[in-house]
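**Q** Here's a structure for you.
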Amino acid sequence: MTTLAQGTSVGDPLVNLSIFLVFVAITLVVVFKASRRTRTASDYYAAGRAFTGPQNGVAISGDYLSAASFLGIAGAIAIFGYDGFLYSIGFLVAWLVALLLVAELLRNTGRFTMGDVLSFRMRQRPVRAAAATSTLAVSFFYLLAQMAGAGGLVALLLNVGSKTGQAFVIAGVGLLMVLYVLVGGMRGTTWVQIIKAVLLISGAIVMTIWVAWLFKANLSSLLGDAAADSGKGDAVLNAGLLYGKDAVGKIDFISLSLALVLGTAGLPHILMRFYTVPNAKEARRSVVWAIALIGLFYLLTLALGYGAAALVGPETIAAAPGASNAAAPLLAFELGGTLLLGFISAVAFATILAVVAGLVITASASFAHDVYANVIKEGKFAADDEVRVARITAVVIGALSIVGGIVANGQNIAFLVALAFAVAASANLPTILYSLFWKQFNTSGALWSIYGGLTTCVVLIVFSPAVSGKPTSMFASLDFDVFPLANPGLVSIPVSFLLGYLGTVLSRQNGSVAKYAEMEVRALTGIGSEKATVH
Amino acid sequence: MSTLEQPRTGGGDPPSGADWEDIQRSAEFAELRRRLRSFVFPMTVAFLAWYMLYVLMATYARGFMGTKLFGNITVGLVFGLLQFVSTFLITWAYVRYANNRLDPLATQIRHRIEGGER
């Protein structure tokens, strides 16, 4: 118990590691079993479309509840109170966009990637190239944030202090994840996400019940204790400690909220999950399950976050390695000692592994299916070629993410997740919505909204306080932050919608009437949609 | 636009180019599109407005959001929890609507096209 005071590590690194290795062993067996049924492109990218809606819904929640939302939101609530909760609401409400506007229509019109849907009635090569560019950009930003976070987690949970030691662990995590993707394809990756989601949500339920028992199921007294222990009093029960301290900060927070709520339905690794079910109705059931589980989980984080504040205390959390990310693990240690901490630590590792595997398979599918098969080979290639290219790409992306994770370890790159959401909301979502619902939308419009949204986001971020000009910036010593907001969504999302409109109207090309008819009828009725493969 | 009747290939195969436009012009399909859009568009506007109202209140009306209703439960906490409630309710309402009003019509059109010849 004295380890807490030393501020280096808590619990027993050996216990943490052993429980994690058990998880690895179980998932490896599952992945190898899944590999025996992975032969065709449809198996590799879409798990043969054989998962049920509920299974896919659990996998989606496993894919979506990244380390940032598990450790990050619990930590933000523990230290800043209400603002952490505020953040989680955007992540949940966002699913209504996917449910009402995107999931079913996308399932009916596409095969493997976002590019399938965007290029359906457009000129194939340019639009697929654009869709792949934006998919790779979003996935890479997201990937880098996950891998860099792994370093801090290692320091906390395995007591690996040196950068070299952490680099080895990051490389190990990366290699394992590539192995999952190579061997198991989408089927293996999905099972890893399902197992992880079940562990994560069970762990959160156990801890919440424990906290509820300690506070006699009285939310008010939990909040009271959290406020008393915070040193900030009732301020932790209201908005404003983390976001929006001044006028610019307030607008910045609104910008972030907009990107969160509109970004989810444009995240390529989430969109790709809708292809793993046999039809649109199962896609709908997937989203319903995902909303139920993600909603439940964010309600639990409220108890975990305030519980950590009340039982561990914000000062202890802030002083621990990994800072606010340590809130959930420290609460686990406080409640259930070494064993519960070991379990939660293993879940945290499993989270990184599952999310990164999902990102890698999405990025490699987009490169192999959109760029290699359709842009380079124009659809003329041997049957096995596409999957072979996808596997090679997975190795390359895995290697890049290991290097990126090692280089970015300890850097302040929290803005990368916000950037990934902003790009998804600006470059992808407007293009998807126009493609599905606007008859006149054409190739120029699609290219303008994808490239325009992507460029606006990246340029605004480069010239924002997230990159330079402030002590917390990536390059604190430099100063070129001419754009005041750290979150570009408020500007880039309307810009992308506008560009998609202008590109369409100004180009005066007429989109194919016949292709629009085919796309709309397919989207709404499911006629001719890809069926599940039977083995 | 070609109005030539394309020979239908047997059940299960998707129809050829001209047929897609025929289906799209049919009264049944127009009704399906109307039903889908008349639910999802207003609902999207509604939940985005409700969410943005919450975000704006949390940003600009903190005094009100910090008001304690009972014990340590604030207006802001209740407002936030209501966002969960509304998300669950809209999900439930859409699934009900889709099962009763969208799926039967879509299935009817699909069966007519894919298996109509039998």
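**Q** Of the residues that sit in the range A:219-274 and are within 21 Å of A:Ser426 (Cβ to Cβ) and of a type in the set (Ser, Thr, Tyr), which one is nearest to the chain's Cα centre (by Cα)?
**A** Across the range A:219-274, the extreme among qualifying residues is A:Thr264.
**Q** For the range A:93-164, give me every one of the helices (runs of 4 or more DSSP H) that falls completely inside it and has 2 or more residues that are surrounded by fewer than 24 Cβ atoms within 10 Å (Cβ to Cβ).
**A** Ranges flagged: A:124-157.
**Q** A follow-up question, please. In the list A:Ala323, A:Ala332, which residue meets the criterion of being hydrophobic (A, V, I, L, M, F, W, C), touching a Gly at 6+ places or on another chain (Cβ under 9 Å) and surrounded by fewer than 21 Cβ atoms within 10 Å (Cβ to Cβ)? Walk me through how you get there before you give the answer.
**A** Numbers: A:Ala332 fails: surrounded by fewer than 21 Cβ atoms within 10 Å (Cβ to Cβ).
After applying the criteria, what remains is A:Ala323.
**Q** Still on this structure, please answer the following. So A:Gly231 ticks every box in (1) over 30 Å from A:Val458 (Cα atoms); (2) crowded, with 20+ Cβ neighbours inside 10 Å; (3) not hydrophobic (A, V, I, L, M, F, W, C) but one. Which box is left unticked?
**A** Single failed check for A:Gly231: (2).
**Q** Of the conditions (1) within 27 Å of A:Leu499 (Cα to Cα); (2) buried (at least 17 other Cβ atoms within 10 Å of the Cβ), A:Phe480 fails just one. Which one is it?
**A** (2)
**Q** Could you say which residue among B:Thr44, B:Thr74 is surrounded by 14 or more Cβ atoms within 10 Å (Cβ to Cβ), at the interface with another protein chain (Cβ under 9 Å from one of its Cβ atoms) and modelled with pLDDT of 95 or more?
**A** Matching residue, one of B:Thr44, B:Thr74: B:Thr44.
**Q** May I pose another question? Given the criteria over 28 Å from the mean Cα position of the chain (by Cα), more than 8 Å from chain A (Cβ to nearest Cβ) and not aliphatic (A, V, I, L, M), does B:Thr67 qualify?
**A** yes
**Q** A further question follows. For the condition farther than 20 Å from A:Leu222 by Cα and free of Cβ contacts under 8 Å to residues at least 12 places away in the same chain, what is the one hit in B:Met52, B:Met57?
**A** Checking each option against the conditions leaves just B:Met52.
**Q** Here is a follow-up. Would you confirm, using the coordinates I've provided, whether A:Thr190 is closer than 30 Å to A:Val395 by Cβ and at pLDDT 90 or above?
**A** Criteria met by A:Thr190.
**Q** Would it be correct to say that A:Arg187 is of a type in the set (D, E, K, R), under 22 Å from the mean Cα position of the chain (by Cα) and crowded, with 22+ Cβ neighbours inside 10 Å?
**A** Values: of a type in the set (D, E, K, R): yes; under 22 Å from the mean Cα position of the chain (by Cα): yes; crowded, with 22+ Cβ neighbours inside 10 Å: yes.
Against the criterion (of a type in the set (D, E, K, R), under 22 Å from the mean Cα position of the chain (by Cα) and crowded, with 22+ Cβ neighbours inside 10 Å), A:Arg187 qualifies.
**Q** Could you go through the range A:443-458 and let me know if any residue there is surrounded by fewer than 23 Cβ atoms within 10 Å (Cβ to Cβ) and within 14 Å of another protein chain (Cβ to nearest Cβ).
**A** No, the range A:443-458 contains no residue that is surrounded by fewer than 23 Cβ atoms within 10 Å (Cβ to Cβ) and within 14 Å of another protein chain (Cβ to nearest Cβ).
**Q** Are any of the residues in the range A:99-109 closer than 13 Å to A:Ile432 by Cα, within 11 Å of chain B (Cβ to nearest Cβ) and of a type in the set (Asp, Glu)?
**A** Yes, there is a match, as at least one residue in the range A:99-109 is closer than 13 Å to A:Ile432 by Cα, within 11 Å of chain B (Cβ to nearest Cβ) and of a type in the set (Asp, Glu).
**Q** Okay, moving on. Test each condition in (1) modelled with pLDDT of 90 or more; (2) farther than 14 Å from A:Thr525 by Cα for B:Arg34 and report the one that comes out false.
**A** Condition (2) is where B:Arg34 drops out.
**Q** So A:Leu502 passes all but one of these: (1) more than 27 Å from the chain's Cα centre (by Cα); (2) modelled with pLDDT of 95 or more; (3) surrounded by 20 or more Cβ atoms within 10 Å (Cβ to Cβ). Which condition number does it fail?
**A** So the condition that A:Leu502 fails would be (3).
**Q** Continuing with the same structure: Scan the range B:102-109 and tell me whether some residue there is more than 7 Å from chain A (Cβ to nearest Cβ), closer than 30 Å to A:Ala226 by Cβ and not in a strand (DSSP E or B).
**A** Within the range B:102-109 (the criterion being more than 7 Å from chain A (Cβ to nearest Cβ), closer than 30 Å to A:Ala226 by Cβ and not in a strand (DSSP E or B)), the answer is no, since none of the residues qualifies.
The values are calculated or read from the model by the stated rules, or taken from the named source; none is laboratory data. The structure displayed is predicted, hence computed values, not measured ones. Positions of Cβ are backbone-derived with ideal geometry, glycine not excepted, and every protein chain shown enters the neighbour counts.
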